[in-house]
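Asker: Take a look at this one; I'll ask things after.
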Amino acid sequence: MNTPDHSLRTKMKKASLSLILIVTLCSVIAFLSPVEGQVEFSLSVAPSSLTVFPGQSATYTITVASIGGWSGEVQLSVTGSPPLPPGYFFTPPTVRVPARGQVVSTLSIPTDSSSKPLYELTITGTGGTIVRVARTQLIVTSGTTSTPTTPVPPPNIFLQLAPEWVWISLTVIVAIVAASWILFRVRSAAQAK
């Protein structure tokens, strides 16, 4: 025969297990859900402008980052206005982006005495039906050799994904507060009996 204390303990155990299951499911759903329905990638280039002397190569860092869990291959290309001097290349020209990760490619552009003083560069990343662009400049200054401008490091992936992590953290905090409130109410009801 079940006593009232035994029955109450059984109900409290069931309630605790249910809450743990709910919190776990909320956490998993929050982690796997994309931010505002966006599943794509971002494309950035650093530096935003680079100055070199004729005969030097300009080197740019291209960062491709997953948004909302997107993964896939991204083909990189570049166009210039005016048209670029021959011999430019990406290393690698196609990158494989992991879900919730980022990859980096390098663009190298050689220059010589016939290079124009200013090139407006448009870098394009194509992944399936998604196309993203990033813009930068190449300035070829006259004179003798010198050290090119130091490139700016690529953006931090954490800053790009911050809204997603904030959303996940808030979901977990709300679930914990709700679970604590329910347990408090169950214990209060048990103590009142």
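Asker: For the stretch 106-119, what are the residues that are surrounded by fewer than 20 Cβ atoms within 10 Å (Cβ to Cβ) and closer than 13 Å to Tyr60 by Cα?
Answerer: Answer for the stretch 106-119, where residues must be surrounded by fewer than 20 Cβ atoms within 10 Å (Cβ to Cβ) and closer than 13 Å to Tyr60 by Cα: Thr106, Ser108, Pro110.
Asker: Same structure again: Which members of the stretch 23-54 meet the condition of being within 19 Å of Ile130 (Cβ to Cβ), of a type outside the set (A, V, I, L, M) and modelled with pLDDT of 65 or more?
Answerer: The answer is Gln38, Glu40, Phe41, Ser42, Ser44.
Asker: In addition: Kindly provide the set of residues from the stretch 106-140 that are under 24 Å from Val74 (Cα atoms) and of a type in the set (Lys, Arg), ordered by number.
Answerer: Once the filter is applied, which keeps residues that are under 24 Å from Val74 (Cα atoms) and of a type in the set (Lys, Arg), the stretch 106-140 yields Arg132, Arg135.
Asker: Right, another one. Quick check on the stretch 176-184. Is at least one of its residues loosely packed, with under 13 Cβ neighbours inside 10 Å and at pLDDT below 75?
Answerer: The answer is no, given that none of the residues of the stretch 176-184 is loosely packed, with under 13 Cβ neighbours inside 10 Å and at pLDDT below 75.
Asker: Given the criterion of a type in the set (Ser, Thr, Tyr), within 12 Å of Ala58 (Cα to Cα) and modelled with pLDDT of 95 or more, identify the matching residue among Thr136, Thr150, Thr122.
Answerer: Residue meeting the stated conditions: Thr136.
Asker: If you take the residues of the stretch 67-92 that are surrounded by 15 or more Cβ atoms within 10 Å (Cβ to Cβ), touching a Phe, Trp or Tyr at 6+ places or on another chain (Cβ under 7 Å) and at pLDDT below 95, which of them is nearest to Ser142 (Cα to Cα)?
Answerer: Taking the candidates together, the pick is Leu84.
Asker: Name the single residue that is nearest to Gln102 (Cα to Cα) among those in the stretch 35-71 being aromatic (Phe, Trp, Tyr) and outside any strand (DSSP E or B).
Answerer: For the stretch 35-71, the residue satisfying everything is Trp70.
Asker: For the stretch 55-66, enumerate the residues that are of a type in the set (Val, Ile, Thr) and either modelled with pLDDT under 95 or within 14 Å of the chain's Cα centre (by Cα) (or both).
Answerer: Ile62, Thr63, Val64
The values are calculated or read from the model by the stated rules, or taken from the named source; none is laboratory data. From a predicted model like this one, the values you see are computed outputs, not experimental measurements. Glycine gets a Cβ as well: all are built from the backbone with ideal geometry, and neighbour counts include every protein chain shown.
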